[in-house]
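The values are calculated or read from the model by the stated rules, or taken from the named source; none is laboratory data. Computed from a predicted structure; not experimentally measured. Backbone-built Cβ (ideal geometry, glycine too); neighbour counts: all protein chains shown. Ligands, DNA and RNA are excluded from the accessible area calculation, which covers all protein heavy atoms including side chains. Shrake-Rupley method; radii C 1.70, N 1.55, O 1.52, S 1.80 Å.
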Amino acid sequence: RRVILLGFAANLFFAVFALVGTFLPSADPNDALALAYNALFSYNIRILTASFIAYIVGSLLNAASLIWIKKLTGDKWLFARTIGSTALGALADTVIFTVIAWAFTLGVREIFIMILSGYAVKMVFEVVIATPFDYFAAPRIKKLVEKEE
């Protein structure tokens, strides 16, 4: 939880200072780099709010469910922990972000399609890339941690 909150704070810190930079004068306000910077960091507050809320809720739910699943399964069934916790966290993240960001600007059908497609991409990534990587990395990390203890 501490890492999630630190990540949240770092993102918020960056977002605030990048936004402040858009208000600072440029040597040449018509310079392509200044225009690109301002376009990139002049945030839509609704998108930024959706992103921050979705990140904190989804990440904390993912972490809590990972711990809960580990209590049920012990050290067995790593795939159940990784895929199960991602299924919950990614669902919350995707629904929260999409609804806050696009409610009243898109129709219910479009929002539903965005939720389904965003969630599908996250789950495919988890199953095809992240979980196999976890099976590769977990024993190695465990050995390193045991060495240090």
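If you filter segment 1-73 for trypsin sites (Lys or Arg not before Pro), then keep DSSP loop positions with at most 13 other Cβ within 10 Å, what is left?
Arg1
For segment 102-149, give the magnitude of the charge dipole about the Cα centre (Cβ charges: +1 Lys/Arg, -1 Asp/Glu; no others), in debye to the nearest 20.
In total the dipole reaches around 80 debye.
In segment 32-85, carbon and sulfur make up what percent of the accessible area (probe 1.4 Å)?
Carbon and sulfur: 74 percent of the exposed surface of segment 32-85.
In square angstrom, what is the accessible area per residue of segment 18-149 with a 1.4 angstrom probe?
68 Å²
Most fluctuating residue of Asn62, Asn30, Asn11 in a GNM of the chain with Cα springs under 10 Å: which is it?
Asn30
Round to the nearest 10 and give me the degree value, 0 to 90, for the angle of helix 45-73's Cα axis relative to the longest principal axis of the chain.
Helix 45-73 sits roughly 0 degrees off the main axis of the chain.
Let's test the formula: R0 of 30 Å, r as the Cβ-Cβ distance of Val108 and Phe23. What FRET efficiency results, to the nearest 0.05?
0.20
Could you work out how far helix 131-148 tilts from the main Cα principal axis of the chain, as a 0 to 90 degree angle to the nearest 10?
Orientation of helix 131-148: about 70 degrees from the principal axis.
Counting helices only, and only those DSSP H runs with n ≥ 4, report the 222 nm mean residue ellipticity of the chain as the sum of -39,500 (n - 2.57) divided by its residues, in deg cm²/dmol to the nearest 500.
-28500 deg cm²/dmol
In units of 2.2 N^0.38 Å, what is the alpha-carbon radius of gyration of the chain?
Dividing the Cα radius of gyration by 2.2 N^0.38 Å gives 1.33.
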